1. For segment 20-32, give me each residue that is closer than 15 Å to A79 by Cβ and not in a loop (DSSP other than H, G, I, E, B).
2. Please verify whether segment 33-56 includes one or more residues that are in a loop (DSSP other than H, G, I, E, B), among the hydrophobic types (A, V, I, L, M, F, W, C) and under 14 Å from the mean Cα position of the chain (by Cα).
3. If you take the residues in segment 70-102 that are polar (S, T, N, Q) and touching a residue at least 24 places away in the same chain (Cβ under 8 Å), which one is surrounded by the most Cβ atoms within 10 Å (Cβ to Cβ)?
4. Cβ-Cβ below 7 Å, separation at least six or inter-chain, first residue in segment 38-61 and within 18 Å of T27 (Cα to Cα) and open to solvent by 20 Å² or more (accessible area, probe 1.4 Å), second outside any loop (DSSP other than H, G, I, E, B) and among the basic types (K, R): which pairs?
5. Examine segment 6-19 for a residue that is more than 21 Å from G125 (Cβ to Cβ), over 14 Å from the mean Cα position of the chain (by Cα) and outside any loop (DSSP other than H, G, I, E, B), and state whether such a residue exists.
Amino acid sequence: MTHDNGIHVLVAEDDLEIAALLRTTLTKAGYRLSLAYDGEEALRMALSNRPDLVVLDIQMPGMGGIDFLRRLLRGTQHAKVLVFSARQEAHVIRNLVQEGIQGYVNKSQSFKELRQAVAKVAQGGNWFDEAFGQT
């Protein structure tokens, strides 16, 4: 049984299989979910729907992650952003942190870790997976 915890999460993910897994995982955890499959759609949805949290894949068709973040944070200061990406180069993650993300989880991590990261960031905390400290 799921419960609605009142937190709206926008998932920006272009891989349909990963998006479906994220939808199942986060819906079962009680989050209200919206899905976007490219950067432009994600930005439109984020600015109009004002989600509490954006789970962002930084490599999507169209608008890239850093450009998305700049436009999002210019348009709405309340959004928290957790990057969920296969990119793990230190300079890329540092740039994302400078743009204002609250967390990063590599796609090689478990969905359990992702759920923990979503919960932590949604509550106002930060989450960076262990690999980030080793880059």
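The values are calculated or read from the model by the stated rules, or taken from the named source; none is laboratory data. Just so you know, these numbers come straight off a predicted model, no measurement behind them. All Cβ positions, glycine included, derive from the backbone under ideal geometry; neighbour counts span all protein chains shown. These accessible areas exclude ligands, DNA and RNA; they are computed on the full protein's heavy atoms, side chains included. Shrake-Rupley method; radii C 1.70, N 1.55, O 1.52, S 1.80 Å.
1. At the first step, the residues of segment 20-32 found to be closer than 15 Å to A79 by Cβ are 31-32.
Answer for segment 20-32, where residues must be closer than 15 Å to A79 by Cβ and not in a loop (DSSP other than H, G, I, E, B): just R32.
2. Initial filter on segment 33-56 (in a loop (DSSP other than H, G, I, E, B)): 37-38, 50-52.
So of that shortlist, the ones also among the hydrophobic types (A, V, I, L, M, F, W, C) come out as none.
The answer is no; no qualifying residue exists.
3. Filtering segment 70-102 for residues polar (S, T, N, Q) gives 76-77, 85, 88, 95, 98, 102.
Still in the running and touching a residue at least 24 places away in the same chain (Cβ under 8 Å): 76, 85, 88, 95, 102.
Values: T76: 13, S85: 19, Q88: 16, N95: 15, Q102: 21.
In this case the residue turns out to be Q102.
4. D52/K80
5. Within segment 6-19, one or more residues are more than 21 Å from G125 (Cβ to Cβ), over 14 Å from the mean Cα position of the chain (by Cα) and outside any loop (DSSP other than H, G, I, E, B).
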